[in-house]
Structure formats: structure tokens, C-alpha cells
Amino acid sequence: MKTAIHGKHIVLGICGGIAAYKSAELLRLLTKAGANVRVMMTRNAARFVGPVTFEALSGKPVCTDLFDRTDPDAAIRHIEWAQEAHGVVIAPATASMVAKHAHGLADDALSTFLLAVTCPVAVCPSMNTDMYLSPPVQRNLEILKKDGHLVLEPGSGELACGTVGPGRLPEPPLILDRLTALLTRKDLAGRRVLVTAGPTQEPIDPVRFISNPSSGKMGYAVARAAEYRGAEVVLVSGPTSLDLPVNVRTVRVRTAREMAHAVFEQMDGADVIVKSAAVGDYRAMETAAHKIKKTADELTLTLVKNTDILKSVGLRKTRQILVGFAAETRDLKENAQEKLEKKNLDMIVGNLVGHPSSGFGTDTNRVTLFYRDGGIEPLEEMDKAEVAHLILDRVCERLP
Ligand code: CTP
């Protein structure tokens, strides 16, 4: 999948902390995302994990010392790498490196390199809780933030030293996520995006419900992509088992009525509304207060129609760009275009469900975009994150 990391020069700076072992996983994730990664480590970092590990994973020499006699180019490397880098991530960043960079000290390869860097930098402090919370470290982190660096909050938990509290290096997927966000162009900055995702559940009795196989992956991908692009995002999510997107306000709902309520409450402030949720069209007219026993041979449920949330939003909307989804098993073009018209949408994302690589639960999707002006754009099969960015590209073209 191509994200903002793909094809970029990233420098991974590693300091001497116990969490240095996690840097190997981060490097693997970065290269998997298509980044061209160079590793620079402090001498103390090399005591925790050997440079050979990082050399093997990055496929490139690792810089540990500006005055390495076996490497005549080492002294100019820090300037070259700084000029070429699109992004830098320091993980783990020790108290010492944080202090050095906050005060412009350059006494080893990594701190010297950092002074020459002009691209975005993500700093991931990791240390003992008391060290992390100490006034000097907090002061220095504030300086780094004021200097425009992204400082990632460390995670909380039991640390290697036995203390419990903040100081843990965030998990590598989270660091990758934040670095990707940092390097994504902010073409939705200042915009509010409302996304719905996942299925709804319509209860029949306390232990049973009517639902559908929607995983929520498409909507979560849209929310995440919009956040990467600088939008303020509200995600109204039906029940899913997915990790919540970072820096996104998620409102969890269960039924279509709860989803409708949340959407109507949020829609007025939104500039863009993307409704990818698979909303239950019907609910049980009555929900039994207790578990229905299997005494009768036949059971008839009476269902009543739920509000079509998207249609109501289409009727109420003023300036918002409204994007709907259409999951069809046949006649995609006719059905999608009819929904586009009927629900007053700017765009509808149509997909034929039932194919193994597209639709419910899959990581990829093959969709066709239908526009209000009659335009049709069939897309190749691609990762849902890529589909999300493409949808947002088209949204951006239509924003005033
Ligand atoms: N939708 C909605 N509220 C509903 C039903 C659907 O907001 N009660 C939205 C979905 O989020 C999606 C779009 O409408 O963006 C199309 O959903 P889909 O299930 O494909 O179509 P329906 O309008 O329900 O029509 P049908 O089931 O007859 O195909």
C-alpha cells in the first residue's frame, strides 16, 4: 500500500535505551511501507542491539560514529543524510538525546546530524517514569515541541525497571502511523470530516440481534486518511473490532437509530460527510425484554423500517460535500446512480459485494466512483487505505 512514507528517505535515529529492540520492528515496518531507511545509532544504542541487525534490515550501512576510520565518508554522511531526508524518527529518544537536541549540542553522530535536519522530525521519548516526568526532561520536550518537532507521548505500563507509569516506547505500528501522518500533505487542514463506519445491530432480545458482515475497515480507513490530511475528524462507528484511529473523535453506537442521532448531531459543523456504514434497513418492531425461548415451531418477527440516515442528511445538507456508498450484488451503475440522485449526494462509491477481494471484511476493495455530474470513475482493486485517499482526493477537488 502506498502511503506518504512510500519512496521517502527516512532516517531512523536510535538511542541507548532498553526499547532499542523495538526499533528493529519499526525499521521493518518502515521498509515494508516502501521507505528508504537509513539508520543512525548512538554508541550506547549499539550496546543494546548490534548495528548488524539494522544493517541487515535496512540493507545499508549504519552510521554510529562520525570518525570511523574504516569508513572515510562517515564525517560527511550526517550532512548528506540530513539534506536528503524527508522525515526523521528518533526511537527511542533518551533523556540525554532530548536534552542535547533541545540545547543544540552536537557531540556525536546523531546529535550532529539532527542539527542539520530541515525536514519533519518525530521524537519518541522512552525512559524510566521518574526520569520522564522530571522537570528537566519535560522542559526539554517542551523546547522540542516549540521547535516544531512532533513529540510522541510514551505509553504507560510496567517498564523494564519495574516502575509503572509513562515511559514506554509506543508500539512500532503507532510510531509508523504518526510518522505517516506527519509526512502527509495537509490538504484537509481546517476542515471537519464526519465519517460513519461499520454495521449496526438491531436487537431482537437481550442476546440476539440483526446485523450484517460489515467490518468497518473502509470507514476507518477514510477517517484515518482524513486525519492524516489534517482534518478534524468525527467517526460514528457501529460495533467493530478494529483499533480506533488516532486523534479521531470516535462516537460508538449500536443501532441505526443511535447512529442517526449521532450523525444529525454532528452534521452541521461538518464540511465533508462520508457515509460508509452498512446501516440496517429494518429493526424489530418490538424488542423482547427477556430471551425468547424456543417453545414455538415457527417464529415471526415483524420488522419496521429505519430512517435512511443518508437520505435525511442529503435533504438537510447545505454546503457539505456528501459521499455515500452503495453495496450491490447486481446492476451497480443503475443502483448507484439512482441512490446518488435520490439521496442528493455529490458522489457515491459503488462496489459489487460478493467478490473475495472486495466488499465486506476484506483489506482491499474494487470500487467505482459515480459523480453528481454523471461522471464515472472505475478504480483498480486496491488497498482500502488507498481507496480512502482517492475518495478524499476527489472530495478535495470539490471543496469550495
Ligand atoms: N444508508 C443510511 N441509512 C440507512 C440505509 C442506508 O444512511 N437506513 C446509507 C449507507 O450508509 C450508504 C447508503 O445509504 O452510504 C447506501 O446504502 P445501501 O445499503 O447500499 O442502500 P439502501 O439505501 O439501504 O438501499 P437498498 O438496501 O434498497 O439497496
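The residue list Ala289, Ala260, Leu301 was ranked by how far each Cα lies along the charge dipole of the range 243-309 toward its positive end, using unit charges on Cβ atoms, and Ala289 comes out on top. Under the simplified labelling scheme, the Glu158-Asp373 pair shows an inter-label distance of 6.1 nm, with each label point 7 Å from Cα along Cα→Cβ. Based on Cα contacts under 8 Å between residues 6+ apart, the range 228-335 shows a relative contact order of 26 percent.
Take each of the peptides 89-96, 364-371, average the number of other beta-carbon atoms within 10 Å over its residues, and list them starting from the highest.
Going from most to least packed, we get 89-96, 364-371.
Only the Cβ atoms of Lys and Arg (+1) and of Asp and Glu (-1) were treated as charged; on that basis the dipole of the range 1-97 about its Cα centre amounts to roughly 320 debye.
The string of couplings for the range 235-247 from the Karplus curve (6.51, -1.76, 1.60, θ = phi - 60°) is 10, 9, 10, x, x, 9, 10, 7, 5, 6, x, 6, 6 Hz, one whole number per residue in order, with x for Gly and Pro. Dipole magnitude for the range 93-184: computed about the Cα centre from +1 point charges on Lys and Arg Cβ and -1 point charges on Asp and Glu Cβ, it is near 180 debye.
A full extension of the chain between Glu25 and Glu80 corresponds to an added length of 17.3 nm, given 0.36 nm per residue minus the alpha carbon distance. Neighbour counts of C-beta atoms inside 10 Å place Leu115, Leu169, Leu182 in the sequence Leu115, Leu182, Leu169, starting with the fewest. Taking the chain as a Gaussian network of alpha-carbon nodes connected by springs under 10 Å, the highest mean-square fluctuation of the residues Cys161, Cys63, Cys15 belongs to Cys161.
Using unit Cβ charges (K, R positive; D, E negative) and no other charged atoms, how large, in debye to the nearest 20, is the dipole of the chain about its Cα centre?
620
The stretch between Arg185 and Leu315, if pulled fully straight at 0.36 nm per residue, gains 43.6 nm over its current Cα-Cα span. The amide H of Ala93, built 1.01 Å from its N in the peptide plane, has Cys124, Ser126 as neighbours under 5 Å, considering only residues 5 or more places off or on other chains. Full extension of the segment from Ser211 to His103, taken as 0.36 nm per residue of separation minus the current Cα-Cα distance, would add 33.2 nm.
No value in this document is a laboratory result; all are computed from the given coordinates. All values derive from a computational prediction rather than experimental measurement. Every residue, glycine among them, receives a Cβ derived from its backbone with ideal geometry; neighbour counts consider all protein chains shown.
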